[in-house]
Amino acid sequence: MPRSQVFTARRRSYSDRVIETREPKERFLIVCEGAKTEPNYFRNFRVPKNVVEIHGIGDNTLGVVEEAIRLKNNEKYDQVWCVFDRDSFPAARFNVAFTLATENDIEIAYSNEAFELWYLLHFNYYDSGMSRKQYGNKLTELLGFKYEKNSDSIYDEILDKQPAAIKNAKRLLETYNPQNPERDNPSTKVHLLVVELNKFIS
């Protein structure tokens, strides 16, 4: 084979390897209870756009899982996650949502009481329950400016503290044995989804 052809073949082979290593190995579907707060946060992860598909549906816990199942059945995803809060939903509805998710191989990044617990854990370890209003007031104090629930910039504003948040969330979960998401207040598993997404940050 002429040298020029050998060079071309090698260059093509190298290019193929580069493309292969850059292709995402997994595809995520994230279905959120909130229409803005949670979707805005997860959309700010620096992962390739074809890795993550995010839906904020503004529905209750059971509705979120049912929508995730519907989307999952229409397209192939490697990981499917539901993101929702304990809030004041009836315990039965909350628990049914967990059962349905487990039966359909869907992960849940829940928060009890609210998603803002995940934000607070970026600053400190908390093991006492709070109301939604208290979450907001505490975040305003810690951020040094008024916390806006549907913020599109909160990811960047607290990103440098994310390792601490993951550590605090893990520590908090370990205090519950056995774990009962419906009763464990405060608790969250948002960090599990965050850790997975971080594997694909470009």
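The values are calculated or read from the model by the stated rules, or taken from the named source; none is laboratory data. Keep in mind the model is a prediction, meaning the values are calculated, not measured. Glycine also receives a Cβ, built like all others from the backbone with ideal geometry; neighbour counts cover every protein chain displayed. Heavy atoms of the whole protein, side chains included, go into the accessibility calculation; ligands, DNA and RNA do not. Shrake-Rupley method; radii C 1.70, N 1.55, O 1.52, S 1.80 Å.
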- Query: Looking at the range 130-150, which of its residues are open to solvent by less than 30 Å² (accessible area, probe 1.4 Å) and assigned to a loop (DSSP other than H, G, I, E, B)?
  - Reply: Y147
- When the residues of the range 164-182 are filtered to those that are in a loop (DSSP other than H, G, I, E, B) and free of Cβ contacts under 8 Å to residues at least 12 places away in the same chain, which remaining residue is surrounded by the fewest Cβ atoms within 10 Å (Cβ to Cβ)? P178
- Item | Within the range 113-129, tally of residues that are buried (at least 21 other Cβ atoms within 10 Å of the Cβ) and either within 15 Å of the chain's Cα centre (by Cα) or modelled with pLDDT under 95 (or both) | 8
- Residue among N73, N44 that is surrounded by fewer than 18 Cβ atoms within 10 Å (Cβ to Cβ), more than 26 Å from I201 (Cβ to Cβ) and modelled with pLDDT of 95 or more: N73
- Note down all Cβ pairs under 9 Å where the first residue falls in the range 151-163 and is more than 9 Å from H122 (Cβ to Cβ) and in a helix (DSSP H, G or I), the second is among the aliphatic types (A, V, I, L, M) and open to solvent by less than 20 Å² (accessible area, probe 1.4 Å), and they're at least six residues apart or on different chains. I154/L139
- Query: Only one of Y77, Y119 is in contact with a helix residue (DSSP H, G or I) (Cβ under 7 Å, 6 or more places away or on another chain) and of a type in the set (F, W, Y); which?
  - Reply: Y119
- Message: As an exercise: evaluate L193 against (1) surrounded by 13 or more Cβ atoms within 10 Å (Cβ to Cβ); (2) in contact (Cβ under 8 Å) with a residue 60 or more places away in the chain; (3) in a loop (DSSP other than H, G, I, E, B) and give the number of the one condition it does not meet.
- Response: (3)
- Query: If you take the residues of the range 79-112 that are open to solvent by less than 80 Å² (accessible area, probe 1.4 Å) and charged (D, E, K, R), which of them is modelled with the lowest pLDDT?
  - Reply: D87
- Query: Taking the range 34-71 only, how many residues are of a type in the set (D, E, K, R) and within 21 Å of S153 (Cβ to Cβ)?
  - Reply: 5
- Task: Kindly provide the set of residues from the range 48-65 that are open to solvent by less than 20 Å² (accessible area, probe 1.4 Å) and touching a helix residue (DSSP H, G or I) at 6+ places or on another chain (Cβ under 6 Å), ordered by number.
- Result: T61, V65
